[in-house]
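The values are calculated or read from the model by the stated rules, or taken from the named source; none is laboratory data. Not measured: the values here are computed from a predicted model. Here the Cβ positions follow ideal geometry from the backbone for every residue, glycine too, while neighbour counts run over all protein chains shown.
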Amino acid sequence: MRPRGNGTPVARVCVATVLLFLALSIPCLAQDADSDGILDDGDGSTIVGDNPCADGVTTNCDDNCVNDANPGQEDLDGDLIGDVCDGGVPGTLVNFAATLSTPRTFLNLTVTTGGTLTADALVTVTGDMTVESGGLVTHSPYSGGAIPSMVLTVTGTLDVQSGGSLD
């Protein structure tokens, strides 16, 4: 190798530059913006959001809510947007029968006609919640042991429309 004017071999300078570039690049690929333990680019494709985690899946997929902690990657309505950041209207949409047996947090939540949300654990809605006509929010029936109860916290507006029900 021919040394440069300062005596440093050219090849060594190139290797050092490549190593510095790699050292600076690797942390970006392993970023977890919301510190929930799910990598923003969890599938390692170098494209954040190209393979969002489905409900409850936490490995080999991208964080489904990169700016809000969602360690369980909860996505009740299956739209590949995490429940804690599924905003807009209607937010997380329940138009089917769903039972929640572990605490869940939603940004906005709408239970539509024909939708039944059985809340057997704490349900927190940090925005608005709507129960449309024909929608039902309930808990499982008593079957011995602890008396069932529904604990629902809504920090925004709770709108139970005519024909909708909280039981």
Just need a number here: residues in the range 127-153 that are modelled with pLDDT of 95 or more, of a type in the set (Ser, Thr, Tyr) and in a loop (DSSP other than H, G, I, E, B). 1
(1) out of contact with any strand residue (DSSP E or B) (no Cβ under 6 Å at 6 or more places or on another chain); (2) among the aliphatic types (A, V, I, L, M); (3) over 15 Å from residue 155 (Cβ atoms) all hold for residue 122 apart from (3)
